Amino acid sequence: MDVFSDPANFDEYTTGFLWILKLTAAGGFAAFVLGVVLAAMRVSPVPVLRGFGAAWVNLFRNTPLTLIIFFCYFGLYTNLGLVLSDELELNNFWLGVVGLAVYTAAFVCEAIRSGINTVDAGQAEAARAIGMTFFQNLRIVILPQAGRAVVAPLGSILIALCKNATIVGTIGLAESSNAMKNLINFNGDQVIPIFLVFAGTFAVVLIPTGYGFGWLANRLAVKR
Amino acid sequence: MSSTDAVLYDHPGPRAKARNAIMTVLFGIGLLALLYWIYAKFEEKNQWAGPLWEPFTQSTTWVDFILPGLWATVSAAAVAMVLSLVFGIVFAVGRLSEHWFISIPAGAVVEFFRAVPLLLLMFFIFYGIPFITYQPMSVFWAVVIGLTLYNGSVLAEAFRAGIRSVPRGQSEAAYAVGMRKGQVMQHILVPQAARAMLPVIVSQLVVLVKDTALGYIIGYSELLQMGVNNLGANFGNFVAAAMVAAVIYILLNWSLTSLAGYLERRTRRAGKAPGGAAPVGEEAGSAVVEPQG
């Protein structure tokens, strides 16, 4: 554990995980909002909206995130000149958030859509019978019930998003996987402790998070 | 899906039809405007210029860059698929063992590798292990081992859910005819679980194919490296190359996904999947939608 007693190294470690946290928070929020909108599109009465939602999901779900993040940097930024922040590091951060969000939104959309499918058809029929419109039906009757069914899948998506945030390191953000690579390269004698600290931090945070979501999903589940 | 779509709104009457038509037109115009804006942006940066796209009509581009990359992607994915299936079955059975000294370590391994980002794992295998063994690590095996540990752990959980979904009567009957624990697992539980979990397994294989792209980061010459990085550097057509590579990935994964859908329909139609398939579907669903890079 000598490596981490050096303040510079410890600083690298904390900065790395701070970036991961920020990426997860920003990417998760954007992906959730985008995913809900896409899911609403996919079940809407308008064919163009349904087609758009389906195209988005099939396009982004089947493309590797590495390619998407890579494209955000070299495509959007270098070649097409999209600048999200004047500061280089923040610009990389926001480009990473864009990549994570468009990719994860496809999964959020599919999770919510399958959640909608778990709601009993009678609920929607009853709502229609008392004259609710599509949006009232979705907002008041379907989504609150679907929301309870999607807690577990959304939890796994959030966990995966947190792990995927390491990929943003490819475009030059000093997040935890890059920090680990650097520390390994300069401290070849302490490779295993370094790996165990970095991997352990992820495990210590993410394993309880997974069980937490499982518990919550069980508690909130609609008992039928 | 169509059944849900139909129950969410009434069959459109004249007014709803008119409203839907207006929405279609408005959104259609918006979409076309967006597409045109993207097109114009590309035009402005000269991304549609012929020389950037011309390389894709020449066979040397495909033979020198894209096909070797695709081959590297597919071969790493294929080896990792086989290994992770084996890893998954071994650890699923291990975690269900009645001996705590087997089930607890197996569970710990599975939980650990599921929680660690794959990229971190690959960095450790590729950059870290050589410091311990004093010999260079093959980048192919770094990718394959990383993929195996992560996807194998996810598959182990899927198999475990599958094995537990097989009705108890099956194993009770097997014990009643005198089978041993190992025989029950091998002849009764695993085959039925594998069948019930087939769609989940195929979906995880899609994840695995996408994850090979992480190999690019540690310098494995797969599709992203060859078809986007090297090709883009050679012809200065990065955006075009990335789009072509994306299309190849999408086609590859889309065909795997279609296979998963076909298998799911076939299993359902045959009606021979274990009775407890519904709760598994839910648990498995979380594995399916887990969007690892």
Would you check if B:ILE66 is modelled with pLDDT under 90 and surrounded by 17 or more Cβ atoms within 10 Å (Cβ to Cβ)?
yes
Tally time: how many residues in region B:116-136 are over 18 Å from A:GLN190 (Cβ atoms) and either within 17 Å of the chain's Cα centre (by Cα) or assigned to a loop (DSSP other than H, G, I, E, B) (or both)?
6
Kindly indicate whether B:ALA213 is more than 20 Å from B:ALA92 (Cβ to Cβ), at pLDDT 90 or above, within 18 Å of the chain's Cα centre (by Cα) and among the small types (Gly, Ala, Ser).
yes
When the residues of region A:115-146 are narrowed to those that are facing chain B (nearest Cβ under 7 Å) and of a type in the set (S, T, N, Q), which ends up surrounded by the fewest Cβ atoms within 10 Å (Cβ to Cβ)?
A:ASN117
Could you list, in sequence order, the residues of region B:249-262 that are more than 10 Å from every other protein chain (Cβ to nearest Cβ), touching a residue at least 12 places away in the same chain (Cβ under 8 Å) and open to solvent by 30 Å² or more (accessible area, probe 1.4 Å)?
B:LEU259
Scanning region A:169-204 for residues that are more than 25 Å from A:PHE74 (Cβ to Cβ), among the β-branched types (Val, Ile, Thr) and more than 8 Å from chain B (Cβ to nearest Cβ) gives A:VAL197, A:THR201, A:VAL204
Yes or no: region B:1-10 includes at least one residue that is open to solvent by 90 Å² or more (accessible area, probe 1.4 Å), in contact with a Lys or Arg (Cβ under 8 Å, 6 or more places away or on another chain) and within 13 Å of another protein chain (Cβ to nearest Cβ).
yes
Hey, any hits in region B:163-170 for a residue that's among the β-branched types (Val, Ile, Thr), in the same structural domain as B:GLY215 (by TED's automatic domain parsing) and within 20 Å of B:VAL109 (Cβ to Cβ)?
yes
Here is a list: B:VAL184, B:VAL202, B:VAL206, B:VAL154. Which entry is within 20 Å of the chain's Cα centre (by Cα), β-branched (Val, Ile, Thr) and at pLDDT 90 or above?
B:VAL154
Candidates A:GLY75, A:GLY16, A:GLY51 - the one that is within 11 Å of chain B (Cβ to nearest Cβ), within 20 Å of A:PHE202 (Cα to Cα) and either β-branched (Val, Ile, Thr) or open to solvent by less than 50 Å² (accessible area, probe 1.4 Å) (or both):
A:GLY16
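Just checking: which of the helices (runs of 4 or more DSSP H) contained wholly in region B:143-228 hold 3 or more residues that are in contact with a helix residue (DSSP H, G or I) (Cβ under 6 Å, 6 or more places away or on another chain) and among the acidic types (Asp, Glu)?
none
A:GLY172: under 20 Å from A:ILE20 (Cβ atoms), open to solvent by 10 Å² or more (accessible area, probe 1.4 Å) and small (Gly, Ala, Ser), yes or no?
yes
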Would you be able to say whether some residue in region B:84-98 is in the same structural domain as B:SER221 (by TED's automatic domain parsing), open to solvent by 50 Å² or more (accessible area, probe 1.4 Å) and not in a helix (DSSP H, G or I)?
yes
Where B:VAL74 falls short, out of the listed (1) within 14 Å of chain A (Cβ to nearest Cβ); (2) among the β-branched types (Val, Ile, Thr); (3) open to solvent by less than 50 Å² (accessible area, probe 1.4 Å):
(3)
In region B:105-153, how many are aliphatic (A, V, I, L, M) and either within 11 Å of chain A (Cβ to nearest Cβ) or within 20 Å of B:VAL200 (Cα to Cα) (or both)?
14
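How many residues does region B:3-46 hold that are closer than 13 Å to A:VAL46 by Cα and aromatic (Phe, Trp, Tyr)?
Total meeting the criteria: 2.
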Cross-chain or 6+ apart pairs with Cβ under 6 Å, region B:73-101 first and closer than 27 Å to B:SER221 by Cα, then open to solvent by less than 60 Å² (accessible area, probe 1.4 Å) and of a type in the set (D, E, K, R)
B:THR73/B:GLU222
So, in region A:19-38, how many residues would count as being open to solvent by 50 Å² or more (accessible area, probe 1.4 Å) and of a type in the set (Gly, Ala, Ser)?
1
Check A:GLY96, A:GLY81 and return the single one that is closer than 22 Å to B:ASN46 by Cα and either open to solvent by less than 50 Å² (accessible area, probe 1.4 Å) or within 11 Å of chain B (Cβ to nearest Cβ) (or both).
A:GLY81
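The values are calculated or read from the model by the stated rules, or taken from the named source; none is laboratory data. This is a predicted model, so every value here is computed, not measured. Reconstructed Cβ throughout: ideal geometry from the backbone, glycine too, with neighbour counts over all protein chains shown. Heavy atoms of the whole protein, side chains included, go into the accessibility calculation; ligands, DNA and RNA do not. Shrake-Rupley method; radii C 1.70, N 1.55, O 1.52, S 1.80 Å.
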